[in-house]
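Asker: Okay, here's the structure, questions in a sec.
The values are calculated or read from the model by the stated rules, or taken from the named source; none is laboratory data. Please read these numbers as outputs of a predicted model, since none were measured by experiment. Here the Cβ positions follow ideal geometry from the backbone for every residue, glycine too, while neighbour counts run over all protein chains shown.
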Amino acid sequence: MGKVYIVGAGPGSVDLITVKGLKCIQQADVILYDRLVNKELLEYAKPNAELIFVGKLPKLHGVIQERIHKLLVQHASKGKIVTRLKGGDPFVFGRGAEEAEVLVEAGIPFEIVPGITSGVAAPAYAGIPVTHRDLGSSFAIVTGHMREGKDDSIQWKGLAESVDTLAIYMGVGNLPYITEQLMKYKRNPQTPVALIHWGTTEFQKTITGTLETIVEIANKEEIQNPSMIIVGEVVKMHEKIAWFEQSKPLHEVSI
C-alpha cells in the first residue's frame, strides 16, 4: 500500500510553500495538481514522477472531482507515493476533507500538509493586516462562490454586524451581490474594500474602494478571478504599508 499526501501549495509565490510541502513534491511518484498551483513547483519533482493535471473547469467540477478520487485510490493502491497538490490550504475551500474521506473508506494511509491560504497571504502582500489592534479584532473567511442551483446559505447578516474583517474567496463574479448583501444588513457603505488580483505573484494588482464604489472600480479596472476580496477598516493600511507592488523584495528565497 502506498500513501497520499494532501498538500497545500500556498497562495501563488513558489517561495511560500512549506518545507514539508516541498519534501512531498520531491518524494512523490505521482503528483495530482490543480489549476492555480504555481507550475514552477513541479520542477522539484523526481524526473520519473507522473504529473497529472486535475484543474477544475466551469460546470465540470463534480466530474473532475470524481476522477481525482479514483486516481488517488488507484495510484496509492499500487504502492505509490501520491502528492495531491492544491493551491492555498487543502482545508480552506479546497475539498481536501472530501478527498481524505475517500481515502479513509479505501483504507489508504494519508497525511494533510497545511499551506498558507490566500485569505491571509494576499492581503499581507498588499500591506493589509487581517487583524489590527485598532482597526479589527475579528476575522472571517468566506466563500463568495455560491453553488449553482443552491440557495445562498452564507449568514450575511451575522458577517455584516459582527465581524470586523472579511476575506472573501472566489467572489469577483458575485461582487455586486456581495456588496449589496453587506449593505442590506447595515454595513456602512463607506467601509473600505480591497481586491487583490493574483496575490503574492509577479502579476499582483490591488485596487481599493468602498462597499458603495468597489463594483464600479473593479469593472473599470477589469479585475477578474483569481482575486481576494478584503472588507474592513484594515484596508486603510494598504496605502501606508504596501510593500510588494512598490518595489521588488531585496532578497528572494531560493528553495
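Asker: Could you tell me which residue of the stretch 205-232 is farthest from Ser13 (Cα to Cα), considering only residues that are of a type in the set (S, T, N, Q) and surrounded by fewer than 18 Cβ atoms within 10 Å (Cβ to Cβ)?
Answerer: Across the stretch 205-232, the extreme among qualifying residues is Thr213.
Asker: I've got another one for you. In the stretch 204-243, what residues are assigned to a loop (DSSP other than H, G, I, E, B) and either over 21 Å from the mean Cα position of the chain (by Cα) or touching a residue at least 24 places away in the same chain (Cβ under 8 Å) (or both)? Break it down into steps so the answer makes sense when it comes.
Answerer: Initially, the stretch 204-243 is screened for residues assigned to a loop (DSSP other than H, G, I, E, B), giving 204, 211-213, 222-226, 232, 242-243.
Result: Gln204, Leu211, Glu212, Thr213, Ile223, Gln224, Asn225, Pro226, Gly232, Ala242, Trp243.
Asker: Can you tell me which residue in the stretch 188-203 is surrounded by the fewest Cβ atoms within 10 Å (Cβ to Cβ), limited to those that are touching a residue at least 40 places away in the same chain (Cβ under 8 Å) and in contact with a helix residue (DSSP H, G or I) (Cβ under 6 Å, 6 or more places away or on another chain)? So that I can check it myself, show each step before the final result.
Answerer: First pass over the stretch 188-203, keeping only residues touching a residue at least 40 places away in the same chain (Cβ under 8 Å): 191-194, 196, 198-201.
Checking the rest, the ones that are also in contact with a helix residue (DSSP H, G or I) (Cβ under 6 Å, 6 or more places away or on another chain) come to 192-194, 196, 199-200.
Details: Pro192: 21, Val193: 26, Ala194: 25, Ile196: 30, Gly199: 26, Thr200: 23.
This residue is Pro192.
Asker: If you don't mind, another one. Sort out which residues of the stretch 93-120 are out of contact with any strand residue (DSSP E or B) (no Cβ under 7 Å at 6 or more places or on another chain) and more than 21 Å from Ile154 (Cα to Cα), and write them in order of number. Before the answer, list the steps.
Answerer: Going residue by residue through the stretch 93-120, those that are out of contact with any strand residue (DSSP E or B) (no Cβ under 7 Å at 6 or more places or on another chain) are 95, 97-98, 101-102, 104-107, 120.
The answer is Glu101, Val102, Val104, Glu105, Ala106, Gly107.
Asker: What about Val19, is it closer than 29 Å to Gly199 by Cβ, loosely packed, with under 14 Cβ neighbours inside 10 Å and at pLDDT 95 or above? If you could, list the steps in order and put the result at the bottom.
Answerer: Working: closer than 29 Å to Gly199 by Cβ: yes; loosely packed, with under 14 Cβ neighbours inside 10 Å: yes; at pLDDT 95 or above: yes.
Yes; evaluated as a whole, the condition is true for this residue.
Asker: Can you pull out every residue in the stretch 142-184 that is at pLDDT below 95 and touching an Asp or Glu at 6+ places or on another chain (Cβ under 8 Å)?
Answerer: Met146
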